[in-house]
Amino acid sequence: MNLVQSLFRLDYGGKIEREIARLISMFDEMKFDVGRYPQRWLAIKLLEADADILERVRNIPNGEKIIASAQQGAEKLKSMLGDDVDLLTADRRYGYINGVVRQSFHRPKLDRITLTDRIDDIVTHKWLGLPVFFAVMYIVFRLVIDVSSPFLDWTDAVINGPLAHWFSLLLDLAAAPAWIHSLVVEAVIGGVGGVLVFVPGLLILYFFLALLEDSGYMSRAAFVMDRFMRVVGLHGKSFIPMILGFGCAVPAVYATRTIASRRDRILTALLVPLMSCSARLPVYVVFGLAFFGARAGTVIWAMYALGIVVAMVAGMVFTRTILKPDVSSAFVLELPPYRQPALKSVLIHMWENTREFVRKAGTTILFASLVMWLLLNLPWGVENQRDSYFGKVSGVIAPVFTPLGFGGWETGGALVTGFMAKEIVVSTMSQIYLGDEEAQASEPKTIGEDLIGIGQGFMDATVRSGRILLSIIPGVNLMVEDAQGEDTALSLALQKQFTPLSAMAFLVFVLLYVPCVATLGAIKHEFGMSWAVTSAVYQTAVAWVAAFVVYQGGRLLGLG
Amino acid sequence: MSESTQLHLLKPGQKATITRINGESALRRRFVEMGIVKGETILIERNAPMGDPVEYFIKGYHLALRKEEAAQIEVTLQRGANG
């Protein structure tokens, strides 16, 4: 027993003290080994029915007997004193604290209006609260998505350019066989690239999340948005991940870490992939321009809206079935005083979270990339995709999509590759329909030139990102500027394969079907395999049904 | 002492004394952890823009609760206090 304990003991009152003494003598009698816990403390926790302690005691010999006896004692106290033991002991503790405070501390007048009060008058104001919140979200969204994108392109270019180039030179030196060459360059470097591409975005995301959290604004955002999010069964804090989902679901899934209740986090992560991420936009643009011409914008807008509607319905369904709200979802939230975030803690936050993503979600992505490489290259020496295992798998899957209006193996194949990343749907289609894209003209470069190129690329990315940063302030040009980059050859090929109706069904399917492997990796990392599987299965099922309704419904209406 | 009411029925600016805490034991424990206990004075500060949740001032700090949860807390209104 240490000094502090021996000097200080809070008196819980005769009746409770008697029960504590009874339990302690029972520990002694049964030679009950309480390990590192002091006996008195353990007796109090057992009377309070502390869930964590009950769990531990249950596994010690004689634990069940002791628990049963403590329960009897607690019942008796409740009938005598009219309240649960945990409330009675808390009363005693707070009573003691109040006494100490009254004797030793003179509270200054509380009428003084603090800076925090003044900020809150604006930030949680009846009319201003929501606009301020949306403005903050808009800025964070633009910063995370847009400012990171030049760096993202740079990472991608470095990995697939110089890095891949160096590795092939090394392999050539070692006279490695062609298949090793292909494995390393396409699967390993491609896979690592697929992981690292997220790093710039994640670093920036975590930076701003840490700022919002440490400054104290996050609690105000939750306070302001809670009523709205509750309609769908979510918590006020779920809003930020949902917004980020429009950029990329991977950082959005990680952003759920700011939510305290596990149940709320899981539900948020299940709904986040329904926010149409930026990788799906190229698919909408290509199909929109090929089939809907001037109305392409409306179609794209409808996809975003549909994602939100489906998320709301899914949220309500989950809340009533497998994710019922529990007490941990109760909204008991402290609104701390505003503070200036400490740079060091912000940096640690950024670094630790990003490192964890690379380590955990990275393995999933790398593994999927290897599997995909095998499917595309087996049996050995396949010439075109149709004859590879990939083509065969696609052919087997394809009939599933026939009722949705797109049953060709090419479409099936594109959807399978879309599992790696949704934007690949378009590049697979153009590869299959138009043959291989012209091999990239990469003149052999020296390592020195490569290094200079990397450095220049980074400078360019910084400059571009700085420009974007400036353009955020007036808040202009939110929408896609590069929508005019239409690929007419692909459009013509697509028009042979799809009708406008089946194209619409296809877009609905692409919007809703299985989240990409990186997102599933993130969900698995955060919540375990079964939730990742749940996410994949429910979204694919919803996608199939929705596309079916669109296609068959459209045909009934005579649109097809 | 005025008659007993529930915390969520009070308006911003009002001040009350907590008399009783209802609800499931896990929720009550949560309340107790946050300092919501019998005899404590609680000040109603402001409603969120959509009316719910509500911000309170208790034990020298600011706390937000949904009305649904605040309904579990019984209070008596303090009159004449400088609220």
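The values are calculated or read from the model by the stated rules, or taken from the named source; none is laboratory data. All figures in this text were calculated on a predicted structure; none of them were measured in a lab. Every residue, glycine as well, gets a Cβ built from its backbone with ideal geometry; the counts of neighbours run over all protein chains shown.
Given the residues A:Arg92, A:Arg56, which is the only one that is more than 14 Å from every other protein chain (Cβ to nearest Cβ) and either hydrophobic (A, V, I, L, M, F, W, C) or surrounded by 14 or more Cβ atoms within 10 Å (Cβ to Cβ) (or both)? None of the others qualify; the one that does is A:Arg56. Of the residues making up the range B:52-79, those that are at the interface with another protein chain (Cβ under 7 Å from one of its Cβ atoms) and out of contact with any Phe, Trp or Tyr (no Cβ under 6 Å at 6 or more places or on another chain) are B:Asp52, B:Glu55, B:Tyr61, B:His62, B:Leu65, B:Glu69.
Residues that are among the charged types (D, E, K, R) and at the interface with chain A (Cβ under 8 Å from one of its Cβ atoms) were ranked within the range B:35-51; the one that is nearest to A:Gly129 (Cα to Cα) is B:Arg46.
For the range A:415-425, the count of residues that are part of a helix (DSSP H, G or I), modelled with pLDDT of 85 or more and not β-branched (Val, Ile, Thr) is at least one.
The condition of being within 14 Å of another protein chain (Cβ to nearest Cβ) and touching a helix residue (DSSP H, G or I) at 6+ places or on another chain (Cβ under 6 Å) holds for only one of A:Pro325, A:Pro341, A:Pro337, that being A:Pro337. Residue count for the range B:1-34 satisfying the condition of being more than 15 Å from B:Ala71 (Cα to Cα), more than 7 Å from chain A (Cβ to nearest Cβ) and at pLDDT below 90: 4. Count of the range A:61-86 residues, restricted to those that are loosely packed, with under 14 Cβ neighbours inside 10 Å and either in contact with a Gly (Cβ under 6 Å, 6 or more places away or on another chain) or not in a helix (DSSP H, G or I) (or both), is 2. Number of residues in the range A:225-274 that are surrounded by fewer than 24 Cβ atoms within 10 Å (Cβ to Cβ), of a type in the set (A, V, I, L, M, F, W, C), farther than 16 Å from A:Phe318 by Cα and within 14 Å of chain B (Cβ to nearest Cβ): the value is 3. Is it true that A:Val188 is within 14 Å of chain B (Cβ to nearest Cβ), touching a residue at least 12 places away in the same chain (Cβ under 8 Å) and more than 20 Å from A:Asn353 (Cβ to Cβ)? When the stated conditions are applied, A:Val188 does not pass them.
Going by the conditions given, is A:Asp214 among the acidic types (Asp, Glu) and within 14 Å of another protein chain (Cβ to nearest Cβ)? Even if it seems obvious, please write down each step before you answer.
Values: among the acidic types (Asp, Glu): yes; within 14 Å of another protein chain (Cβ to nearest Cβ): no.
Judged against the criteria, A:Asp214 is not a match.
Of all residues in the range A:243-261, count the ones that are closer than 18 Å to A:Leu211 by Cα, in contact (Cβ under 8 Å) with a residue 40 or more places away in the chain and not β-branched (Val, Ile, Thr). Qualifying residue count, the range A:243-261: 6. Would the range A:198-208 turn up any residue that is under 30 Å from A:Leu169 (Cα atoms) and either within 12 Å of another protein chain (Cβ to nearest Cβ) or surrounded by 24 or more Cβ atoms within 10 Å (Cβ to Cβ) (or both)? Checked the range A:198-208: at least one residue is under 30 Å from A:Leu169 (Cα atoms) and either within 12 Å of another protein chain (Cβ to nearest Cβ) or surrounded by 24 or more Cβ atoms within 10 Å (Cβ to Cβ) (or both).
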